[in-house]
Amino acid sequence: MIDAAMDFIKSQRYSDTWDVVVKATIPSGSETCYFEICRGNPDEKRKWAEYTKILENKALEIASK
């Protein structure tokens, strides 16, 4: 969803960068998941992409067992 929003923003000739920060998840013990959308820094890696990679690696590790 964030990538689609970024594409739309660019199509409207805006250059804002957005990111998603994971504040809490049910698997880590929270009652609900909580994500915060914030302005991102275009010169840094997006936190959401890093978190997604962690989840992918965890899923592959579980699937290989």
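Worth a mention:
- Residue satisfying all of: in the stretch 50-65; surrounded by fewer than 12 Cβ atoms within 10 Å (Cβ to Cβ) and β-branched (Val, Ile, Thr); nearest to Asp3 (Cα to Cα) among these: Ile54
- Residue list for the stretch 27-49, filter: more than 17 Å from Met1 (Cβ to Cβ), surrounded by 10 or more Cβ atoms within 10 Å (Cβ to Cβ) and either within 11 Å of the chain's Cα centre (by Cα) or among the β-branched types (Val, Ile, Thr) (or both): Lys45
Conditions tested, residue by residue: (1) β-branched (Val, Ile, Thr); (2) touching a residue at least 12 places away in the same chain (Cβ under 8 Å); (3) on the phi > 0 side of the Ramachandran plot.
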{"site": "Gln12", "(1), (2), (3)": "no, no, no"}
{"site": "Val21", "(1), (2), (3)": "yes, yes, no"}
{"site": "Ser28", "(1), (2), (3)": "no, no, no"}
{"site": "Cys33", "(1), (2), (3)": "no, no, no"}
{"site": "Arg39", "(1), (2), (3)": "no, yes, no"}
{"site": "Lys45", "(1), (2), (3)": "no, no, no"}
{"site": "Glu50", "(1), (2), (3)": "no, no, no"}
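- Residue that is farthest from Thr52 (Cα to Cα), among those in the stretch 4-26 that are surrounded by 11 or more Cβ atoms within 10 Å (Cβ to Cβ) and among the acidic types (Asp, Glu): Asp16
- Checked across the stretch 4-15, the condition of being of a type in the set (Gly, Ala, Ser) and under 11 Å from the mean Cα position of the chain (by Cα) holds for no residue.
- Residue match in the stretch 37-57 (condition: hydroxyl-bearing (Ser, Thr, Tyr), modelled with pLDDT of 85 or more and not in a helix (DSSP H, G or I)): no
The values are calculated or read from the model by the stated rules, or taken from the named source; none is laboratory data. Just so it is clear, the model here is predicted, and its values are computed rather than measured. Positions of Cβ are backbone-derived with ideal geometry, glycine not excepted, and every protein chain shown enters the neighbour counts.
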